[in-house]
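Written out below as C-alpha cells is the structure these notes cover.
The values are calculated or read from the model by the stated rules, or taken from the named source; none is laboratory data. Note that the structure is a prediction, hence the values are computed from the model and not measured. Cβ atoms come from the backbone with ideal geometry, glycine included; neighbour counts cover every protein chain shown. When the accessible area is computed, the model is the full protein with side chains, heavy atoms only, and any ligands, DNA or RNA have been set aside. Shrake-Rupley method; radii C 1.70, N 1.55, O 1.52, S 1.80 Å.
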There are 2 protein chains.
Amino acid sequence: MPINNLVKTPGQWLMGEGPQSDIVLSSRVRLARNLARHHFVGRVSDTEKREIADEVRDALSTTSSGKDLLYCDLEPMTSLERRFLVERHLISREQERGGGARGVAVNKDETVAIMVNEEDHLRMQGIMSGMQLHETFSAIDKLDDELSTVLDYAYDDKLGYLTACPTNVGTGMRVSVMLHLPGLVMTRHIEKAFRAVHDHRLTVRGLYGEGTEAQGELYQISNQITIGRSETEIIEDLRSMMDGVIEYERKSRERLMEVDAAKVEDRVWRAYATLQHARVISSEEAMSHLSSVRLGVCLGILPKIDMHTINQVFVYTQPAHLQRVEGRELEAEARDVARAGYIREKLKGEGKVN
Amino acid sequence: MPINNLVKTPGQWLMGEGPQSDIVLSSRVRLARNLARHHFVGRVSDTEKREIADEVRDALSTTSSGKDLLYCDLEPMTSLERRFLVERHLISREQERGGGARGVAVNKDETVAIMVNEEDHLRMQGIMSGMQLHETFSAIDKLDDELSTVLDYAYDDKLGYLTACPTNVGTGMRVSVMLHLPGLVMTRHIEKAFRAVHDHRLTVRGLYGEGTEAQGELYQISNQITIGRSETEIIEDLRSMMDGVIEYERKSRERLMEVDAAKVEDRVWRAYATLQHARVISSEEAMSHLSSVRLGVCLGILPKIDMHTINQVFVYTQPAHLQRVEGRELEAEARDVARAGYIREKLKGEGKVN
C-alpha cells in the first residue's frame, strides 16, 4: 500500500514550525471544485463516479504540480487504512464513509492533498505548520490554476465556482487554523472568545472537524462565508480575527502564571510525569496531558521538548495510527497499553528531569 | 522544646525493618496502668492530676529503663506540637485534646513511650518495625516490671489490673499490628478479610486509630479481649490471625499480577511519577500514591526504593510534621505545595528511572 510510506514520517503540518507555532498548530486552505460536464457527487452513478476519478487522475498526471502526487485509491482500502488517512487530515470523515470510486492525491510532505469524489469532485487542501495562510493558499492556488487548464470546472460568471452545497459556492474556499488554547480554557475565557469568533461568522470545531469535540484543547476555526469576497479578503478576515484570539490566549497564559503558577506547574508536571510513566492510557487522557505538556514547554515550565514531537504524538496516538505503528490490529484495551508504550518511547530522552 | 530533636529522625517503627516488613509496618503493645491511691483520670482535680504526673516522673527517674526517657510536658505545648506527637504515634488523640498536667515520656528511638494522664494514669506503649510483637512486649514488660517496684498499681487479684474503662481490665494490654493491604483492597477481598478478623474479636482501624479512616491502605488490627487470657496468649492469638491475613494479602498481590499486570504497573508508575513531579498535593492523595509506590517496590515493578523512605514520607507529610520540617505554620494550600516539594526532594535520587 502506498500509505505505508506515510506512517514513517508525519506531515509537514505537524512540524511545529512557522509563525506563532506555539499557539497555531496549522493553517489550512481548501478549495471545492466540480467538473462542468458531470453530475454532482451526490447524484452520480457508480460508472460516472469512476469516470470522474479517472478524469481527475489523468489531469493530475499532465500537470507539473500534479504528476508527483501519490494517489491513494480509497475503494480497495480497509476501514483501518481509511481511518488512518482521516487521522492524518488527508481525507474527511465524509470521504472515509462514502462508497465507490474515490481517492486522495497527496504530495510528499503532505502539504497538498486533493480529495476526489468527496462532497465535490475535487477538494484541494493545502495545510502547513504555524500561521501560514497566505503561503498555504499560494501552494494550492498554483495547483488549482494548473488543473483549470486541463479540467473544465463548473463555474458561473456571477456566482463563481459551483459546488454541491450552496454554502461553498463562490470561491469554494474554506480557510482554517488549528489553535491550541489551554490558557483560555483554564481561565474560563474560551466561551467569551468563541462568542466573538461566532459574531464574525466564523465556525469553531475540534481537531477532527465538524461534529468532533475539542480534545487536547485544540480548536479549528474557519470561515463560513465563501461568496462576495475575494480569496485574499477571506484569508485576511480570518487572520486578523485570529491575531486577536492568539493575543487573548497569550494574555491568559500570562495571567495564569501571575495568579496561580503552582497550579499550572502542578498540572503540567503531573501530565508530563503521567505520559512518561503510564502503562495504560486512553486517547482522551493522552490528548489532555499532551495539551498540558505543550503548554508547559511554551511557558518554560518543562525542559525543552521538541514541539514537533508533541504535535506528532497527538496524531500518532489516534487508534489507526497506533495500529499502523504497531503493525497489527488491536482491540481497545490493547491499544491503551500500546499507546502508553508509544508515548513513553517518544518522550524518552526528551526533556530530562531529576 | 525537647520535641525539636524528634523532627530530625523518624521513630524506629518507620524503619521498614523486621520480619514481614513488606506488609507489616509496625507492631505495637500498650499496657494500661493506674495508681492505687488516686482517682481515675476522669474524676481527678487539677491538683491531683499534677500530683499523679509528678509521682510518675519521679518513679521514672529512679528506674534504669525510665531515667533515660525524654519527658514531654503537653500542658505548655502549642496545639501544633501536640498534633506532631499524635502523627508520630507517641500520644493519642484523646491525650492531645485533654487538659491539665499530662505528658509523654519517650526513649531515644521511640520504641517506648509512656503517656501520663491519658484515659489511665499510665499508658505504656512499645512500638517496633515489622512483625515483632513478642520483642515489643518484652521491652515494655521490662519497663512495667521496674515501675511496679516503685509505683503502687491498682490491681485486683481476681480481675487483674484495674482501668478507667472496663474493656481494658485484666492485662490492661492492647496489642496491634499496622498492615499495608493494597492487594486485598484492589482485589476487593478486604471486606471478606475483615469479617474474619471481626469474628476473632479483633478490631480494625486506620493509621491514626479509632475513628480515623484507613488511608494509604494501612490498617491497624488489635485485640478487644484483655481479660481471661495471659499476655502471651493474647499476642499469639493476634499473631496467628495476622499470619492468615498476611498470607491472604500475598496471594492477592500474586493474583493481581497474574490477572492484570498492566493495570497494576500502570497504577504504580503513575503514582510514582505523580509523587516525583506534582507541585501541589493533598495528604490524602499523597498517601494513596505512597501506598501504590510501596506496593510497586514490593512487587519489583519499581526500581528499589528504601522502604524506610516510603514509610517515613507517610508520616512526614502529615500536616504537623510538614510544618515542623518547614519550620513555620502553613495554611492548607501552602501545605499542599510544601508537601509536594518535600516528597519530590525525598524521592529524588531514589529509584532512578529512564
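Is it fair to say residue A:116 is buried (at least 21 other Cβ atoms within 10 Å of the Cβ), touching a residue at least 40 places away in the same chain (Cβ under 8 Å) and touching a strand residue (DSSP E or B) at 6+ places or on another chain (Cβ under 7 Å)?
yes
Quick one: which residue in B:85, B:133 is of a type outside the set (Phe, Trp, Tyr), more than 23 Å from residue B:37 (Cβ to Cβ) and touching a Cys at 6+ places or on another chain (Cβ under 8 Å)? First the steps, then the outcome.
On the way: B:133 fails: touching a Cys at 6+ places or on another chain (Cβ under 8 Å).
The conditions single out B:85.
What is the residue count in the stretch A:231-277 for residues that are open to solvent by 70 Å² or more (accessible area, probe 1.4 Å) and under 30 Å from residue A:339 (Cβ atoms)?
The total comes to 1.
Out of curiosity, is residue B:195 open to solvent by 80 Å² or more (accessible area, probe 1.4 Å), in a loop (DSSP other than H, G, I, E, B), away from chain A (no Cβ under 14 Å) and more than 24 Å from residue B:289 (Cβ to Cβ)?
No: the conditions fail for residue B:195.
Just one of (1) touching a helix residue (DSSP H, G or I) at 6+ places or on another chain (Cβ under 9 Å); (2) not aliphatic (A, V, I, L, M); (3) not in a helix (DSSP H, G or I) trips up residue B:205, so point out which.
Tallying (1) touching a helix residue (DSSP H, G or I) at 6+ places or on another chain (Cβ under 9 Å); (2) not aliphatic (A, V, I, L, M); (3) not in a helix (DSSP H, G or I), residue B:205 fails exactly one: (1).
Residue B:94 versus (1) open to solvent by 30 Å² or more (accessible area, probe 1.4 Å); (2) among the acidic types (Asp, Glu); (3) over 29 Å from residue B:313 (Cα atoms): which is the lone unmet condition?
(3)
Sort out which residues of the stretch A:242-272 are in contact (Cβ under 8 Å) with a residue 60 or more places away in the chain and out of contact with any Gly (no Cβ under 9 Å at 6 or more places or on another chain), and write them in order of number.
A:242, A:245, A:246
Evaluate the following for residue B:315: is it without any contact (Cβ under 8 Å) to a residue 40 or more places away in the chain and open to solvent by less than 10 Å² (accessible area, probe 1.4 Å)? Steps first, please.
Details: without any contact (Cβ under 8 Å) to a residue 40 or more places away in the chain: no; open to solvent by less than 10 Å² (accessible area, probe 1.4 Å): yes.
No: the conditions fail for residue B:315.
Could you list all residues from the stretch B:157-174 that are open to solvent by 50 Å² or more (accessible area, probe 1.4 Å) and over 21 Å from residue B:59 (Cβ atoms)?
Listed by number, the residues that qualify are B:157, B:158, B:159, B:166, B:167.
Being facing another protein chain (nearest Cβ under 10 Å) and not basic (Lys, Arg): is that true of residue A:258 here?
no
What number of residues within the stretch B:167-192 satisfy the criterion of being part of a loop (DSSP other than H, G, I, E, B), within 16 Å of residue B:124 (Cα to Cα) and of a type in the set (A, V, I, L, M)?
Total satisfying the criteria: 1.
Listed residues B:140, B:127; which is open to solvent by less than 20 Å² (accessible area, probe 1.4 Å) and either closer than 20 Å to residue B:51 by Cα or in a helix (DSSP H, G or I) (or both)?
B:140
Looking at (1) within 12 Å of another protein chain (Cβ to nearest Cβ); (2) of a type in the set (S, T, N, Q); (3) touching an Asp or Glu at 6+ places or on another chain (Cβ under 6 Å), can you tell me which one residue A:291 breaks?
With (1) within 12 Å of another protein chain (Cβ to nearest Cβ); (2) of a type in the set (S, T, N, Q); (3) touching an Asp or Glu at 6+ places or on another chain (Cβ under 6 Å) applied to residue A:291, the lone miss is (1).
Starting from residues that are more than 7 Å from every other protein chain (Cβ to nearest Cβ) and touching a residue at least 60 places away in the same chain (Cβ under 8 Å), keep the ones in the stretch B:273-282 and report whichever is farthest from residue A:302 (Cα to Cα).
B:281
Please name all residue pairs, on different chains or six or more residues apart, with Cβ atoms under 6 Å, provided the first residue is in the stretch A:57-82 and is touching a residue at least 24 places away in the same chain (Cβ under 8 Å) and the second residue is of a type outside the set (A, V, I, L, M) and in a loop (DSSP other than H, G, I, E, B).
A:60/A:66; A:69/A:107; A:70/A:2; A:72/A:2; A:74/A:102
Would you be able to tell me the number of residues in the stretch B:300-312 that are in contact (Cβ under 8 Å) with a residue 24 or more places away in the chain, open to solvent by 20 Å² or more (accessible area, probe 1.4 Å) and more than 13 Å from chain A (Cβ to nearest Cβ)?
Looking only at that region, the number is 4.
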